[in-house]
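Here, each number is a calculation from the coordinates, and none is a lab measurement. For clarity, every value in this text was computed on a predicted model and none was experimentally measured. Here Cβ is always computed from backbone atoms with ideal geometry, including for glycine, and neighbour counts include all displayed protein chains.
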Amino acid sequence: MAELPLAQSSLADEVLMQAYAAGDAPAFEQLYGRHRLRLWRYFHRNTGDGALADDLSQDLWFAVVDSAGSYEVRSKFTTWLFTMAHHRLVNHWRRQKPGVSLSADTEESLRLADSLFAASGFEPDAQLDRQLMAQTLLAALAQLPADQRECFLLQVEADMTVADIAQATGVAEETAKSRLRYARSKLRAALEGLL
């Protein structure tokens, strides 16, 4: 494959991955730049642990590098990437004791809560309301069953469709849709008093 003009940020992820597989290292850098934060947030919001999110992210990116030679476009790159992320998360939970959850009272989770809502120039009272809403959302997210939380995060963080989520998690589309519906309903209920 001929070297691609990577100055164009509009190249499709799939094209970048194929270019990387053909030896174009800047293509990987562009993919990494596009998706590293989304993956990290996905891992962090599923585990509540920044260091663990770092480890899982690093492991995933090594797997992307290792898989480059055998990569084939069968679905969107993000579906492929987050499917691999899902498998790493499942493997992590299999090795761990149950009961790991997000904690809304650590400094890191407070920063994460604040980042859920973009700065919009609101007055300080409104900013505090937004922060309270973000903390409530994070706490409610932590209380969701793992399968519902993961489906919700795949949709929010990876911008995946229901079909992509079903494919990534290995369930039927109706199951993925149901998990999303329950997750949204529970999160909406948790936020009702604040709206």
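Might you report the magnitude of the Cβ-based charge dipole of segment 54-98 about its Cα centre, with Lys and Arg at +1 and Asp and Glu at -1, to the nearest 20 debye?
280 debye
Just grab the label-to-label distance for residue 58 and residue 161, each label 7 Å out from Cα along the Cβ direction, in nm (one decimal).
So the two model labels end up 3.7 nm from each other.
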